[in-house]
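Written below as structure tokens is the structure these notes are about.
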Amino acid sequence: MTSATARSLPATLVACVGLATAWLGSAPVARAQRRAIPPVAHFEQDGAPASERLFTRPIEVDLVLGLGSPVGFIGAQLGYAPAPWLVAKAGLGYSHGPQGDLSVAARAPMRDAAVGLEGGVSLGPYEQQPSIADALTCVLFLVSLCSGHGAGRVLPNVWEPAVWGHFALTVEYRYRRPIGLLARFALGYQILLNDSAARCGAVAGSGDVCAEVPSTTGLMLVSFAMGYTFDV
């Protein structure tokens, strides 16, 4: 070994020890930084976490299918949310005829989902259906009264329009991909607000009677909606 080589060994060892110390010191910092940064898939283009943006898109358009829903068997609703926890909606649909709806919902967003309480009013034509007891009586004993022909019929009551008040519990899910897509389930109850506006559904003949109007007319509300929200 030459004298020059012997003199360079301490310097080389010092450099290697310094590099090892620097690497060992930086590794925990790098791992901590990787843990602190959420996956790229959870960020939008503007850098905001997607979970914070799901309920801040104010315009909402929904397609609704339901039984006893404020927009009938099938309809559409347009909503505006001035805040993530509040949305107002107007809708049109079809049940016994064209039906309109105005409603307001308060909701509690929790990451991708929200639970809410909705209330509102709707109106449209409605024909009172016979109760289960009336139907059994017609089938078993008085078939002629339910046939719709001849005298002695029980005539259904109709409202043109019927005005309903409704309330419902809603559960909503917001999709991350594509952001803006939503699904909502609602379960509640509708109450007829203008019972006294009922009239017989057909011209009464000799022996015909109108069905008795219950003191409180209500319907179960079940609906499912798919929609999309928009930024403005």
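What follows is calculated from the coordinates using simple rules that are stated; it is not laboratory data. Everything numeric here is computed off the predicted structure, so don't read it as measured data. Methodologically, a virtual Cβ is constructed for each residue, glycine included, from the backbone with ideal geometry; neighbour enumeration extends over all protein chains shown.
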With each label point set 7 Å from Cα along the Cα-Cβ vector, what nm distance links Leu169 and Ala183?
2.0
Here the net charge surrounding Tyr126, from other residues whose Cβ is less than 15 Å away from its Cβ (Lys, Arg +1; Asp, Glu -1), is -3
